[in-house]
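The values are calculated or read from the model by the stated rules, or taken from the named source; none is laboratory data. Small disclaimer: the values here were computed from a predicted structure and weren't measured. Cβ atoms come from the backbone with ideal geometry, glycine included; neighbour counts cover every protein chain shown.
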Amino acid sequence: MTEDLIGLLAEPGQPNFFFDALDTALATRVGHRLLTLLYKDGNEVARVYSNMPNVYPVCGRKPMGVTPWGDLVPRRQQPFLGRDREAIKWAFFDHELIASLGLNSAINIPVVYDGETIGTINLLHEEYFYKDKHVEIAKEFAPLLIPAFLEARRAGSASKA
């Protein structure tokens, strides 16, 4: 399935064309109720895709403070698997909003390029949905986001100039 997505990167309408196809592929292979894609821009992260834009809008930004989750995913480049509400509470400042949506399990996959975490894939589902096997499948998709995240960073830097 990742091979099919690679071919889509050449199609016009990027990155949204690719993001929509990625959403479908991740829903099929891993499962999710919420998918967001965040790229790292200095000390902030910016959302470039959300399948729930009314709750988690595209272009939403937030500071990347020093947190245990930040140490695990962006700094050490390890996936996060949160199986239950307590794990979500540990990881995310907006855990109450997440819980209100019935999303109490999460997978976050770092997207790494040239030794640097440049973004994350963020999948959320009902409590106890995700297992280790889901993390392994989701990790296969991370490299496919490198071009889109690099372009988002370039465009973000250009708009600040």
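Worth a mention:
- Any hit, the range 125-139, residues being in contact with a helix residue (DSSP H, G or I) (Cβ under 8 Å, 6 or more places away or on another chain), farther than 16 Å from Leu26 by Cβ and crowded, with 20+ Cβ neighbours inside 10 Å: no
- Candidates in the range 25-60 are the residues that are of a type in the set (D, E, K, R) and under 23 Å from Asp71 (Cβ atoms); of these, the one that is surrounded by the fewest Cβ atoms within 10 Å (Cβ to Cβ) is Glu44.
- So Leu123, is it modelled with pLDDT of 95 or more and under 16 Å from the mean Cα position of the chain (by Cα): yes
- Considering each residue of the range 13-22 in turn, none proves to be without any contact (Cβ under 8 Å) to a residue 24 or more places away in the chain and more than 17 Å from Ile146 (Cα to Cα).
- Considered as a group, the residues in the range 41-59 that are of a type in the set (Gly, Ala, Ser) and out of contact with any Ser or Thr (no Cβ under 8 Å at 6 or more places or on another chain) include one that is modelled with the highest pLDDT, and that residue is Ala46.
- In the range 118-160, residue nearest to Thr36 (Cα to Cα) [restricted to those that are without any contact (Cβ under 8 Å) to a residue 40 or more places away in the chain and aliphatic (A, V, I, L, M)]: Ala142
- Checked against the criterion of being modelled with pLDDT under 95 and of a type in the set (A, V, I, L, M, F, W, C), the candidates Leu37, Leu5 yield just one match: Leu5.
- Residue check for Ala106: out of contact with any Ser or Thr (no Cβ under 8 Å at 6 or more places or on another chain), part of a strand (DSSP E or B), at pLDDT 95 or above and not charged (D, E, K, R): yes
- Just one residue in the set Asp41, Asp20, Asp84, Asp4 is charged (D, E, K, R) and touching a Gly at 6+ places or on another chain (Cβ under 6 Å); that residue is Asp41.
- Each residue in the range 41-79 was checked for being in a strand (DSSP E or B), without any contact (Cβ under 8 Å) to a residue 24 or more places away in the chain and touching a Phe, Trp or Tyr at 6+ places or on another chain (Cβ under 8 Å), and 2 of them qualify.
- Meets criteria (among the aliphatic types (A, V, I, L, M), touching a strand residue (DSSP E or B) at 6+ places or on another chain (Cβ under 8 Å), free of Cβ contacts under 8 Å to residues at least 12 places away in the same chain and over 23 Å from Leu150 (Cβ atoms)) for Ala91: no
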